[in-house]
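J.: Structure below; questions to follow.
The values are calculated or read from the model by the stated rules, or taken from the named source; none is laboratory data. Bear in mind the structure is a predicted one, so any value in this text is a computation, not a measurement. We place every Cβ from the backbone using ideal geometry, glycine too, and count neighbours over all the protein chains shown.
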Amino acid sequence: MAGGFVSQTPGVRNYNYKLTPKVFVTCFIGAFGGLIFGYDLGISGGVTSMEPFLEEFFPYVYKKMKNAHENEYCRFDSQLLTLFTSSLYVAALISSLFASTITRVFGRKWSMFLGGFTFFIGSAFNGFAQNIAMLLIGRILLGFGVGFANQSSSKNSVPVYLSEMAPPNLRGAFNNGFQVAIIFGIVVATIINYFTAQMKGNIGWRISLGLACVPAVMIMIGALILPDTPNSLIERGYTEEAKQMLQSIRGTNEVDEEFQDLIDASEESKQVKHPWKNILLPRYRPQLIMTCFIPFFQQLTGINVITFYAPVLFQTLGFGSKASLLSAMVTGIIELLCTFVSVFTVDRFGRRVLFLQGGIQMLISQIAIGAMIGVKFGVAGTGNIGKSDANAIVALICIYVAGFAWSWGPLGWLVPSEISPLEIRSAAQAINVSVNMFFTFLVAQLFLTMLCHMKFGLFFFFAFFVVIMTVFIYLMLPETKNVPIEEMNRVWKAHWFWGKFIPDEAVNMGAAEMQQKSV
Ligand code: BGC
C-alpha cells in the first residue's frame, strides 16, 4: 500500500512509515483477540437452547421447559445454567488484570501462546464434558484465554493498541476492526450452532463447544511464527535484538528514526509511575467518569440479552428450536453488516451523532418489543404469539441490534481507548475492560431470572437506561473525532462541564505540541 502516516507514538513528530506490515500485524492480532471473544459470546446461547445439552446437565430446566405453557417467562430460569455462560466473563476480568504483567515480563509472544493454550484446554474440557464441573472449568479456562488474547497485543488491550497505531483521522475505523472481529466470531458461532443442533444425541453441542479449539490452535501457531514486536523487546531491555527485529520487519537498515521513537516512547511510559494515582487527580476526572460509565452503559443497553440468549428468547416466544437458532443467526448477520456503518462513518460524522441516533433507535425498538410481548403474554406469561406477531418481534429485535451495532457496540470500545493520555492510559483501560466484563457477567447471570420476575417489563428496564445514557452522551461527551490522543485536553477544556477540571497549562502544552506537529 502506498503512502505513509503520521505516527501516534508519543514524542514523534511528523514521522512517516509505510502502512502495510504494521496494519497487517495489527489487524491479525486485533482480529484474533476479538474473534475468540465473539465465538464465546455467541456459542453459549445456542448450546443452552439445545435439548440434549439441557437433558444431560440441567434435567430440571429441561422438564420446566417442556411444561412451559404454565409460565413462558420462567422457562429457563436457573442460576446454574446462567453460570455456564457468565463464569467466562469473571475469569476474563481477572486474567485481564494480570495479563499485562505477564506480557511485560515474558513478552507478547509467550503470553499470547499461553492465552491460546489455556483456550485450547478450555475447549477440550467443554467438548468432552461429563458433568457440570467440567463445563464450568472449561468456561473459566476460556475466559482466561480471552483475557490474555485481548491484552497481550501490547502492554495495553487490543482497542488501545489499535487506537495508538492508527492515524488520528482514521482512528475510529481502525478501532472498529475489533468490534467487527467480535461480531464475526458471534456469527460463526451461531452458524455452527444452527448446523450442530440438527445432529442427533450429544454430538452437536460437543462439536459447538469443542470447535473453539480451532482458533486456539491458530493463536498458538501465530504466537510461535509471529516475531516478538520491537516494542516488547525494548521494554524487556533487549535493545540490540529490537533494532535487528525492526530492520528485518521493515526490510531495510534505515530504521534509526523509528527506532529512536520506540525508545523514546518506552522511556516515556516508564516514567509513568503511578497511573492509578494519576487517574484520581481532578484533571483526569472526565476520563475516570467516562471509562467507568461507558462500559457500564454499553452493557445496560441490554445487548447481551440478545447475544447470549436470543435462541432462548425466541423459544420463549414460542419459536421451534431450529427457527430460534436461525433467527439468532439472522440477528448476528445484521449486527455484523451494521457495524460497518460505524466503520465508514465514525471518522466523518463523529462519535456523538452515532451514539445519539443509535440510542434513539434502540429506545424505540425496545419499547415496542416490551409492549408487544406484554400484550401477547401479559403478566401471567401464558398465551400464544401468532406467526406474524413473532416475525414482527424478530424484525424489531433486528432494528434494535442495528442501532447498537453502529453506536454503543464499537464506540463502547473506541471512546474509552482514545481519551486517555499516556500517564493514565493503562489504569483507564484496566477500568474499562473490568467494568465491561463485570457487567457482562451480571447481565449473563441475572437475565433469565430477571425475565422470570420482571417479565416484559425487562425491556422497559433496559429502555430506561438507554434514555439515561443517551442524555449522558448528549450532555457530557464532547466530540473526539480526528483529535490526536495526546491533544485531547483541548476538547475537555472547551466543554461546558469538564472545562473547570482542566488546568490552563494542560491545554497550552497540548497546543505547543500541536504547533510542533504542524511545522
Ligand atoms: C460488547 C459485548 C457484546 C458484543 C456484541 C461488544 O462491544 O462489549 O458485550 O456481546 O459487542 O454485541
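J.: Taking the stated definitions as given, is V188 surrounded by fewer than 23 Cβ atoms within 10 Å (Cβ to Cβ), more than 28 Å from S266 (Cβ to Cβ) and within 18 Å of the chain's Cα centre (by Cα)?
T.: Yes; evaluated as a whole, the condition is true for this residue.
J.: Going through region 370-420 one residue at a time, which ones are of a type in the set (V, I, T) and under 27 Å from K455 (Cβ atoms)?
T.: I373, V375, V379, T382, I385, I393, V394, I397, I399, V401
J.: Of the residues that sit in region 243-264 and are of a type outside the set (S, T, Y) and more than 16 Å from S232 (Cα to Cα), which one is modelled with the lowest pLDDT?
T.: R250
J.: Kindly indicate the residue of region 163-175 that is over 17 Å from F349 (Cα atoms) and part of a helix (DSSP H, G or I) and also modelled with the highest pLDDT among those meeting that condition.
T.: Checking each candidate, the answer is S163.
J.: Could you tell me which residue of region 260-305 is nearest to the ligand (Cβ to nearest atom), considering only residues that are of a type in the set (F, W, Y) and crowded, with 19+ Cβ neighbours inside 10 Å?
T.: F297
J.: Taking T85 as the residue in question, decide whether it is under 18 Å from the mean Cα position of the chain (by Cα) and crowded, with 18+ Cβ neighbours inside 10 Å.
T.: Answer is yes for this residue.
J.: Residue check, F319 against (1) surrounded by 19 or more Cβ atoms within 10 Å (Cβ to Cβ); (2) in a helix (DSSP H, G or I), all met but one. Which one?
T.: Evaluating F319 over (1) surrounded by 19 or more Cβ atoms within 10 Å (Cβ to Cβ); (2) in a helix (DSSP H, G or I) leaves (2) as the failure.
J.: Between F195, F184, F178, which is in a helix (DSSP H, G or I) and free of Cβ contacts under 8 Å to residues at least 12 places away in the same chain?
T.: F195
J.: What helices (runs of 4 or more DSSP H), lying completely within region 385-499, carry at least 1 residues that are within 16 Å of the ligand (Cβ to nearest atom)?
T.: Hits in region 385-499: 387-405, 408-418, 422-454, 457-476.
J.: Checking S342 against (1) farther than 16 Å from I294 by Cα; (2) more than 13 Å from the ligand (Cβ to nearest atom); (3) part of a helix (DSSP H, G or I), which test does it fail?
T.: (2)
J.: May I ask you to list the residues in region 254-303 that are among the hydroxyl-bearing types (S, T, Y) and over 30 Å from A402 (Cα atoms)?
T.: S266, S269, Y284, listed by residue number.
J.: Any residue at all in region 328-337 that's part of a helix (DSSP H, G or I), within 11 Å of the ligand (Cβ to nearest atom) and at pLDDT below 85?
T.: no
Rundown of residues vs (1) in contact with a Cys (Cβ under 7 Å, 6 or more places away or on another chain); (2) over 19 Å from G34 (Cα atoms); (3) surrounded by fewer than 23 Cβ atoms within 10 Å (Cβ to Cβ), yes/no style:
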position: Q361; (1), (2), (3): no, yes, yes
position: G374; (1), (2), (3): no, yes, yes
position: G386; (1), (2), (3): no, yes, yes
position: A390; (1), (2), (3): no, yes, yes
position: S417; (1), (2), (3): no, no, no
position: R425; (1), (2), (3): no, yes, no
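J.: Would you confirm whether any residue within region 311-320 is on the phi > 0 side of the Ramachandran plot, within 16 Å of the ligand (Cβ to nearest atom) and out of contact with any Cys (no Cβ under 8 Å at 6 or more places or on another chain)?
T.: So far as region 311-320 goes, no, none of its residues is on the phi > 0 side of the Ramachandran plot, within 16 Å of the ligand (Cβ to nearest atom) and out of contact with any Cys (no Cβ under 8 Å at 6 or more places or on another chain).
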